[in-house]
Amino acid sequence: MNIHSRYPLLFTPLDLGFTQIKNRALMGSMHTGLEEAENGFERMAAYFAERARGGVGMIITGGIPPNEEGGFGAKLSTPEEAEQHRTVTTAVHTADPDVKICMQILHMGALAPNPSCVAPSAVKSRIGAFKPRELDEEGIEKQLLDFVNCAALAKQAGYDGVEIIGSAGYLLSTFLVAKTNLRTDKWGGSFENRMRFPVEVVRRVRAAVGPNFIVIFRIAAMDMLEGGMAWEEVVTLALAVEAAGATIISTHFCWHEAPVPTIATMVPRAAFTQVTGRLRKVLKVPLITSNRINMPDVAEAVLARGDADIVSMARPMLADPELVRKAFEGREDEINTCIACNQACLDHTFGGYKQVSCLVNPRACRETLLNYKTTAQPRRLAVVGAGPAGLAFATVAAQRGHQVTLFDSGSEVGGQFNLAKRIPGKEEFYETLRYYQRMIAKHGVVLRLNTRVDAALLTAEGSEGFDEVIVATGIVPRQPTLEGIKHPKVVSYIDAIMGRQPIGQRVAIMGAGGIGFDVAELISHAGPSAAMDCAVFAKEWGIDFVNHPRGGVTGVQPQSATSGRTITLLQRKTDPVGKSLGRTTGWTHRLTLSRRGVRMVNGVEYLKVDDAGLHTLVNNEPKLFEVDTVIVCAGQLPLRTLFDDLQTQGIKAALVGGAFEASELDAKRAIEQACQLAASA
């Protein structure tokens, strides 16, 4: 056996007895919305096949319900549905016969967005749409039979195995926790009774599929719930599931309604793998670990610590389908790293079940729709502005074979990303900038920094001139028309983030969009970033990794280090402050700032700034905020001067990114738009 020089453990095969996984890299489960889309199975086939070619050892699909009441849209309960799934399994095995693909059986229980949802008890989830119907004995038997039928059909469809999810607040996990299982029959009461249903699911599935089929059980090793599962219960369940026939146990670390972030960008890399490592010591079957493992060196370190046998990377495979192959070939600097922003993936999944994609890779889940084919007619293109949109267009256009010159007036590429990377908890943006810098070099983009561009320079450039100019000049901060806006107390958000002006102890922030929250995070923060220090993260969110109380959090009080400033975050709208933030991360920002004592005020009309502070009307009542500093985060305006000049001179030009639309800084939209334009250039 050849041993990989840099990642010897990651590229060591895993022998399961009846089969072998070629390496320890797993593409974990993620529902994409393709499951319910038109031509969805064909698109899923392309999506998964691309990841199989990218070097991953095993893939787990998005969750597929075993019956109508178990979810919405797609399900697997009939032979006809199994034939649809064969499109996916055939594509993956054709792409690489050594790659295993398992289907996740997901019964959403009380979280199913349909009125026929069921649960062990009629306890409505805090985030569920409906109060579930309590299962009677006949109903429980039906659910067991449906799990078995679904697993058998998955085998018939060509899958190498199934994953049964027993975590996250879905059906199986609600049997396990006392607050959602109020039963007094053999399916409730003691933990031995509460775990009976998930264990019986595994036992019956194993009996139905036979010994030579992968059965994975996903367990909530730390559910982050007050009064959640005790460590002894986690161990008891894991041992019982192992005895019932599970091939592999996969560890999960939350319920969706738990008030602790586990996969957002402010979470340290591999923060939870230590819990898997602890469980691994008591089991014989291999264990999968997950959460914020986004680069091969992180995966290798997890395996080296003995924390797991397999490392799951779901969103990182959205960001870069070739992540594993690039690691194997020593091209780590070419990996398009997942930044855990959740904006195009989980925010879409939980924000109305929209189709998933990826902020840094808009091709994700669009493999049949968005491709960067080599151009038959190379052109000379100028791109002005090296922010997210300019970087995306320049590198994709150059990849396709165009001759691209990228201009920026600054001394480094990145634009607004150079602000984002300075916010505690957003350090992953450094990775995105590293990736684009490597793509600039790889694809031969001519980079001209410290170059302020106007129409005259572009028309004089070279004897041939440019065939087209892509204007990605971004935005300028909007400055409110306000008496005293030039007062020494007033600081722009750019100067605040870059540290160009001192910030006082008493601060008012005008504007509570994403930038306002970022500024509040920065100036309220003290000490190491939680994203860079697991001990700080655990303290800030009230997690006890050492003693593992119930749920990992019961009785533990979060403790936030603060700068000591008095900060008020203001907005004009009467909506709750922070309502416009991302579905899966906004609550973390609101909660963090609240714990640091940041006051949030809506319904504000700004009147003037003077030596006394910021004068306002709050809900039409006069209010003076006696502050030392007023930081302006009042939106942006598109910077289109160059585009207008080019249009006047009849020079072909296109707008992308913030220069096209600057209602709110949106890197997701900017990169997607730029990639779409570059694909057709």
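The residues of the stretch 268-301 that are hydrophobic (A, V, I, L, M, F, W, C) and under 21 Å from ARG325 (Cβ atoms), listed by number, are ILE288, ILE293, MET295, VAL298, ALA299, ALA301. Where strands (runs of 3 or more DSSP E) fall entirely within the stretch 622-679, those with at least 1 residues that are more than 30 Å from GLY603 (Cα to Cα) are at 653-655. Which of the residues spanning the stretch 475-518 are under 31 Å from the mean Cα position of the chain (by Cα) and assigned to a loop (DSSP other than H, G, I, E, B)? Those that are under 31 Å from the mean Cα position of the chain (by Cα) and assigned to a loop (DSSP other than H, G, I, E, B): ARG478, GLY499, GLY511, ALA512, GLY513. Within this structure, ALA299 passes the test of being under 24 Å from ALA535 (Cα atoms), surrounded by 18 or more Cβ atoms within 10 Å (Cβ to Cβ), assigned by TED's automatic domain parsing to the domain that holds VAL201 and not polar (S, T, N, Q).
Condition check ((1) at pLDDT 95 or above; (2) under 22 Å from SER357 (Cα atoms); (3) crowded, with 24+ Cβ neighbours inside 10 Å; (4) of a type in the set (Asp, Glu)) across all residues:
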{"site": "ALA74", "(1), (2), (3), (4)": "no, yes, no, no"}
{"site": "ALA82", "(1), (2), (3), (4)": "yes, no, no, no"}
{"site": "THR89", "(1), (2), (3), (4)": "yes, yes, no, no"}
{"site": "ASP98", "(1), (2), (3), (4)": "yes, no, no, yes"}
{"site": "MET103", "(1), (2), (3), (4)": "yes, yes, yes, no"}
{"site": "LEU106", "(1), (2), (3), (4)": "yes, yes, yes, no"}
{"site": "LEU111", "(1), (2), (3), (4)": "yes, no, yes, no"}
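Checking each residue in the stretch 267-279 for being among the hydrophobic types (A, V, I, L, M, F, W, C) and either under 19 Å from THR12 (Cα atoms) or outside any helix (DSSP H, G or I) (or both) picks out VAL267, ALA270, ALA271, PHE272. Within the span defined as the stretch 445-452, one or more residues are touching a strand residue (DSSP E or B) at 6+ places or on another chain (Cβ under 8 Å), of a type in the set (Ser, Thr, Tyr) and in a loop (DSSP other than H, G, I, E, B). For the stretch 583-611, enumerate the residues that are buried (at least 20 other Cβ atoms within 10 Å of the Cβ) and assigned to a loop (DSSP other than H, G, I, E, B). Scanning the stretch 583-611 gives THR584, THR585, ARG596, VAL598. Taking into account only those residues within the stretch 622-681 that are among the aromatic types (Phe, Trp, Tyr) and under 30 Å from ARG380 (Cβ atoms), which is modelled with the highest pLDDT? Of everything passing the filter in the stretch 622-681, PHE643 is modelled with the highest pLDDT. Filtered by the rule that a residue be touching a residue at least 60 places away in the same chain (Cβ under 8 Å), among the β-branched types (Val, Ile, Thr) and surrounded by fewer than 24 Cβ atoms within 10 Å (Cβ to Cβ), the stretch 356-414 gives VAL356, THR368, THR375, THR405. Checked against (1) touching a residue at least 40 places away in the same chain (Cβ under 8 Å); (2) surrounded by 15 or more Cβ atoms within 10 Å (Cβ to Cβ); (3) not assigned by TED's automatic domain parsing to the domain that holds GLY401, ALA455 passes all but a single condition, namely (3).
Of all the criteria given as (1) under 26 Å from GLY444 (Cα atoms); (2) not basic (Lys, Arg); (3) not assigned by TED's automatic domain parsing to the domain that holds VAL267, the one not satisfied by LEU323 is (3). The sole residue among VAL445, VAL453 that is of a type outside the set (D, E, K, R) and at pLDDT 95 or above is VAL445. Scan the stretch 312-349 for residues that are out of contact with any His (no Cβ under 8 Å at 6 or more places or on another chain) and either of a type in the set (Phe, Trp, Tyr) or farther than 30 Å from ILE3 by Cβ (or both) and the total you get is 10. Count of the stretch 38-74 residues, restricted to those that are assigned to a helix (DSSP H, G or I) and touching a helix residue (DSSP H, G or I) at 6+ places or on another chain (Cβ under 6 Å), is 10.
Taking the stated definitions as given, is ALA441 surrounded by fewer than 24 Cβ atoms within 10 Å (Cβ to Cβ), of a type in the set (Gly, Ala, Ser), under 25 Å from ARG53 (Cβ atoms) and within 28 Å of the chain's Cα centre (by Cα)? Answer is yes for this residue.
The number of residues in the stretch 353-406 that are more than 30 Å from LEU111 (Cα to Cα), basic (Lys, Arg) and assigned to a loop (DSSP other than H, G, I, E, B) comes to 3.
The values are calculated or read from the model by the stated rules, or taken from the named source; none is laboratory data. Since the structure is predicted, the reported quantities are computational estimates derived from the model, not experimental observations. Ideal geometry is used to build each Cβ from the backbone, glycine not excepted, and the neighbour counts take in all protein chains shown.
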